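The values are calculated or read from the model by the stated rules, or taken from the named source; none is laboratory data. Note that the coordinates shown come from a computational prediction; the quantities given were computed from them, not determined experimentally. Neighbour counts are summed over all protein chains in view; Cβ atoms, including those assigned to glycine, are modelled from backbone coordinates with ideal geometry. Please note that ligands, DNA and RNA were not included when accessible areas were found on the heavy atoms of the full protein model with its side chains. Shrake-Rupley method; radii C 1.70, N 1.55, O 1.52, S 1.80 Å.
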Amino acid sequence: VSQSRYTRFLLTVADNDISSLNVTGNTGLTTLYTYMNSNLTTITGLNTCTSLNILQSWNCNLTGASFDISALANLIILQVSGNPNLNTLDVTNNTQLRGLYCQDDGISTLDVTNNSELTTLWVNGNNLSTLNLTNNTKLVSLKIYQNTSLGLPTGFSGLTKLEYLDTYNCNITVPLDYTPFTDIVTGK
């Protein structure tokens, strides 16, 4: 499917049998939803969509090698959940991100040190073994559960605004000190 001839503000591609989507040249596109497209492996032209604020692609089959969002400086919400072959996700240039949802993707490394605006980070169900949250002091909601090799994230004690935390089935072997967290509710 090619959407490159039209400028759109919102594009939704859901529950289709497509394997690729071309959004090249859609410079006015601010919101892109692609979900429940189990054959969708590639979205080309994302880096030309420099106005994109919200990108949600869940329950597709995207691969990390073809998912380049490095030019999306205005991205505020990114959800790429349920893409079991994603494996890698590079958000280092997406410094305005406030919500990052990458759940059940098979991701083994994730660098969020440049994402100091994050208030929500849900990375559960991946293959993370380390996570540095030193620069993510605005986090309110953190889901890291089912990362069986992940220990206590670096910078965890600095997350004083945290209200929701889920660490179920991680490899945290030290007692959690909840002293800095006044409003925290823990999951599972």
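Residues in the range 46-68 that are open to solvent by less than 20 Å² (accessible area, probe 1.4 Å) and closer than 24 Å to residue 107 by Cα: 46, 52, 55, 57, 60, 62, 64, 67. For the range 126-152, the set of residues classified as within 17 Å of residue 181 (Cβ to Cβ) and either more than 17 Å from the chain's Cα centre (by Cα) or surrounded by fewer than 20 Cβ atoms within 10 Å (Cβ to Cβ) (or both) consists of 134, 137, 138, 140, 141, 152, listed by residue number. Total residues in the range 72-81 satisfying the condition of being open to solvent by 40 Å² or more (accessible area, probe 1.4 Å), hydrophobic (A, V, I, L, M, F, W, C) and either on the phi > 0 side of the Ramachandran plot or part of a loop (DSSP other than H, G, I, E, B) (or both): the figure is 2.
Only one entry of 97, 165 meets the criterion of being closer than 23 Å to residue 73 by Cα, open to solvent by less than 40 Å² (accessible area, probe 1.4 Å) and not basic (Lys, Arg), and that entry is 97.
Restricting attention to the range 107-125, the residues that are surrounded by fewer than 21 Cβ atoms within 10 Å (Cβ to Cβ) and either β-branched (Val, Ile, Thr) or more than 12 Å from the chain's Cα centre (by Cα) (or both) add up to 8. For the range 148-182, the set of residues classified as among the aromatic types (Phe, Trp, Tyr) and either in contact with a strand residue (DSSP E or B) (Cβ under 7 Å, 6 or more places away or on another chain) or at pLDDT below 85 (or both) consists of 164, 178, 181, listed by residue number.
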